[in-house]
Amino acid sequence: MTIPNTHNPGMPLNMDWVQKARINRSAIERRAATIPTRRAVKKEWQAAWLLRAITCMDLTTLAGDDTPGRVRRLCAKARHPLRLDMLERLGLSDQELSVGAVCVYPSRVKDAVEALKGSKIPVASVAAGFPAGQTPMPQRLAEIEQAIESGAREIDIVITRTHVLTGDWQALYDEISQFRKTCGDSAHMKTILATGDLGTLTQIYQASLVAMMAGSDFIKTSTGKEDVNATLEFGLVMTRAIREYHENTGFKVGFKPAGGISKAKQALAWQALMKEELGDEWLMPDLFRIGASSLLTDLERQLYHFLTGHYAARNHMPMG
């Protein structure tokens, strides 16, 4: 059974399904260690994968010194992620190459929406007490409402880690369900699990299942603010939960690794993981995003190397 990826409607909390989950850490670690060793994607094929990675990026700025000017520059880069001369040499000058979304704080959503006017690039906003998830629930819900009112079409919410660490799956389900209800049909909801803050791989798998049961359209590894962010081990656990959820419900949930992904070879490893664990459908931006800020520069440099045989200086690949 396969259902188009619109909104994941969720389902009642199935505690039997959650509690029977068990993850073999050693097996996950062995499997994850093999992914970066892939050498099959070379030359034109590698360039194609790098271009696809650009279309799956959530180009992100989540800094305390974000300004309207910085957001406008980021959005300009989102619209035109590669230089025109490179697009021409790649034979893509007649195509609209852009990133998957621009991700900002709620207070900067209006700036991003204005800067992206006329494009098809959605604005994503973190919300619900990002990054710690420790603010009162009315405030967290109000952040979601504010971001949507300002024009955000994707909301990256954070969970209360305590619910996972104490095994209070009902509380986690109820919390995410409230966020889902607040997003309504106005925005896709990505649920950030903050995997580096969770106790075990089994708990990450269980939290992934609960998040999907509560109606998450995507599950996301990290805020980028934890000591440990996106790792392939976390990715394997979460994508296998996505696969099990799809097999049992027919609904496709997206996946977003975020935090610490700054090199093209890392993006290729994540793409390999998606292809091998979930299939080609999960290599498209409606089901796969990479949350990053500096990754785009390295993707550009690798594509420049493919075209010329040498690497351009980073200042030749400005962010905006």
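Taking the helices alone, the chain has a mean residue ellipticity at 222 nm of -14000 deg cm²/dmol, built from -39,500 (n - 2.57) per DSSP H run of at least 4 residues and averaged over all its residues. Relative contact order, percent, of the chain when contacts are C-alpha pairs under 8 Å separated by at least 6 residues? Relative contact order for the chain comes out at 22 percent.
Angle of helix 25-34 to the longest C-alpha principal axis of the chain, folded into 0 to 90 degrees and rounded to 10: 10°. The long axis of helix 201-213 is offset from the longest Cα principal axis of the chain by roughly 90 degrees. Each part gets one Cα centre, and for the range 108-181 versus the range 243-320 those centres are 23 Å apart. Over the range 20-177, the alpha carbon radius of gyration divided by the compact-protein estimate 2.2 N^0.38 Å works out to 1.31.
Among the listed pairs Lys43/Lys77; Lys20/Lys181; Lys20/Lys252; Lys77/Lys181; Lys20/Lys263; Lys43/Lys225, a Cα-Cα separation exceeding 30 Å is found for Lys77/Lys181; Lys20/Lys263; Lys43/Lys225.
Each of [x] -0.43, -1.06, -1.37; [y] -0.47, -1.18, -1.53; [z] -0.49, -1.10, -1.35 is a candidate for log10 I(q)/I(0) by the Debye sum over Cα atoms at q = 0.09, 0.14, 0.16 Å⁻¹; the one calculated from this structure is [x].
Taken about its Cα centre, the chain carries a charge dipole of about 880 debye when Lys and Arg each add +1 at the Cβ and Asp and Glu each add -1 at the Cβ. Spin-label model, Glu247 to Arg73: label points 7 Å out along the Cα-to-beta-carbon direction sit 4.8 nm apart.
Taking the square roots of five times each eigenvalue of the Cα gyration tensor of the range 231-320, the equivalent ellipsoid has semi-axes of 30, 12, 11 Å, listed largest first.
Taking the C-alpha atoms only, the angle from helix 43-55 to the longest principal axis of the chain is near 60 degrees. Close amide-amide hydrogen proximity is noted between Gly254 and Phe218, Ile219, each under 5 Å apart and 5 or more residues distant or on a separate chain (H modeled in the peptide plane; Pro and chain starts excluded).
Look at the dipole of the chain built from charges on Cβ: of Ala194, Ser177, Met57, the Cα furthest out on the positive end belongs to Met57. Near the amide H of Ile155, within less than 5 Å, lie the amide hydrogens of Ser125, His188, Met189, Lys190, all on another chain or at least 5 residues away, with H placed in the peptide plane.
Our estimate of slack between Trp17 and Asp227, defined as 0.36 nm per intervening residue step minus the Cα-Cα distance, is 72.6 nm.
Beta bridges from DSSP with both residues in the chain: antiparallel share about 0 percent, rounded to the nearest 5. Note on the range 52-124: the C-alpha convex hull projects to 4.9 nm² when averaged across all orientations.
Every read-out reported here was derived from the displayed coordinates using simple, explicitly stated rules and does not represent laboratory data. On a predicted model such as this, the values are computed, not experimentally measured, just so you know. In this analysis, Cβ positions are derived from the backbone assuming ideal geometry, glycine residues included, and neighbour counts consider all displayed protein chains.
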